[in-house]
Amino acid sequence: MSEIDFLNIQINEEALESQIIEQIKLKIKAFDDNKIFYDLDDLVAITSFSKGHIMNTFFNDPRFRQIRRRVGRKWVFPVQETNTFLKQWILEQPNE
């Protein structure tokens, strides 16, 4: 049997990254209108990352440690500072 490519997918990485950033901005804007603080569930919603992934990637970033606050048993994150951090953090990630 001969090998035939049935499917060949090419991805424009710049366009994909632009779309990801745009979607993050839209999600953040939807939360921005009425919130002062995010909680961990909000971060899951706006980043589309699982709690485990958040904990393993940016939760312990020294810049994010300065932002986050533990109030009782709950973590909270000021909206504007968190948005600024997330926008910078995503730009620092490798574009694979």
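None of the figures in this text is laboratory data; all of them are computed from the coordinates on show. Given the structure is predicted, the values throughout are model-derived calculations rather than measurements. Virtual Cβ from ideal backbone geometry, glycine too; neighbours counted across all protein chains shown.
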Show the residues, 5+ positions off or on another chain, whose built amide H is closer than 5 Å to the amide H of residue 75. 40
With N denoting the number of residues in the chain, provide Rg(C-alpha) divided by 2.2 N^0.38 Å, to two decimal places. 1.38
Take 40, 26 and order them by how many other Cβ atoms sit within 10 Å, fewest up front. 26, 40
Using 0.36 nm times the number of residues separating residue 45 and residue 27, minus their current alpha carbon distance, what extension gain do you get? 5.7 nm
Relative to the first principal axis of the alpha-carbon coordinates of the chain, what is the inclination of helix 79-92, with its axis defined by its Cα atoms, in degrees from 0 to 90 and to the nearest 10? 30
In a Debye calculation with equal point scatterers on the alpha-carbon sites of the range 42-96 and no solvent, what is log10 I(q)/I(0) at q = 0.14, 0.18 Å⁻¹? -0.36, -0.60
What 222 nm value per residue comes from the helices of the chain, counting each DSSP H run with n ≥ 4 as -39,500 (n - 2.57) and dividing by all residues, nearest 500 deg cm²/dmol? -17000 deg cm²/dmol
With the dipole of the chain worked out from charges on the C-beta (+1 for Lys and Arg, -1 for Asp and Glu) around the Cα centre, which of 72, 57, 37 lies farthest toward the positive end? 72
Rounding to the nearest 20 debye, state how big the charge dipole of the chain is about its Cα centre with +1 on each Lys and Arg Cβ and -1 on each Asp and Glu Cβ. 980
Which order do 42, 61, 5 fall in if you start with the one that has the fewest other Cβ atoms within 10 Å? 5, 61, 42
For a quick check, take a GNM of the chain with Cα springs below 10 Å and name the residue from 29, 51, 74 with the largest mean-square fluctuation. 74
By a straight-distance test (C-alpha under 16 Å), which lysines pair with residue 27 as possible cross-link partners, with residues fewer than eight away in the same chain excluded? 35, 87
When the chain is fully extended, how far beyond the present Cα-Cα distance does residue 56 get from residue 6, taking 0.36 nm per residue of separation? 14.3 nm
Only Cα pairs within less than 10 Å get springs; with that Gaussian network setup on the chain, which residue of 80, 66, 23 has the largest fluctuation? 66
So how tilted is helix 13-32 from the main axis of the chain? Cα-based, degrees 0 to 90, rounded to 10. 30
